[in-house]
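Here the structure is laid out as C-alpha cells; the discussion comes afterwards.
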Amino acid sequence: MIDPKLLEILACPKDKQPLEDHGDYLVNPRLGLAYPVQDDIPVLLVDEAVEWPLSPRA
C-alpha cells in the first residue's frame, strides 16, 4: 500500500491525472491504465502499464 501523502503527489505520466491505489497497482481509471507497484515502489512508466479491466469505459 502506498503512503496516502505520496499518493497525493503522484500522477499518471500519460495524462497527469491522479492515481488510485489498488494494492499491487496504481490505477488511472479514466484511461484504464494500471501501473505496477514493485517492492512498495510505483513503476510509473507508460511502457510498464497494463490495461485495467475493472475501469468503466466511456
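A short reminder: the numbers here are calculations on the coordinates, not readings from a lab. These figures come from a predicted structure and were not determined experimentally. A quick note on method: Cβ atoms are made from the backbone with ideal geometry, for glycine too, and the neighbour counts reach across all protein chains shown.
A simple spin-label model places the labels of Ile41 and Ile9 1.7 nm from each other, with each point 7 Å out along Cα-to-Cβ.
Applied to the range 16-25, the Karplus parametrisation 6.51 cos²θ - 1.76 cosθ + 1.60 on θ = phi - 60° returns per-residue 3J(HN,Hα) values of 6, 8, x, 10, 10, 7, 10, x, 7, 9 Hz, with x for Gly and Pro. Kirkwood hydrodynamic radius of the range 1-57, from the reciprocal of the average inverse Cα-Cα distance over all distinct pairs: 11.1 Å.
Remark: the chain carries a charge dipole of roughly 340 debye about the Cα centre, counting +1 on each Lys and Arg Cβ and -1 on each Asp and Glu Cβ.
The local environment of Leu7, defined by Cβ-Cβ distances under 10 Å, has a net charge of -3 under the rule Lys, Arg +1 and Asp, Glu -1.
Annotation: amide H-H contacts under 5 Å for Leu33 (H modelled 1.01 Å from N, sequence separation of 5 or more, or interchain): Asn28, Trp52.
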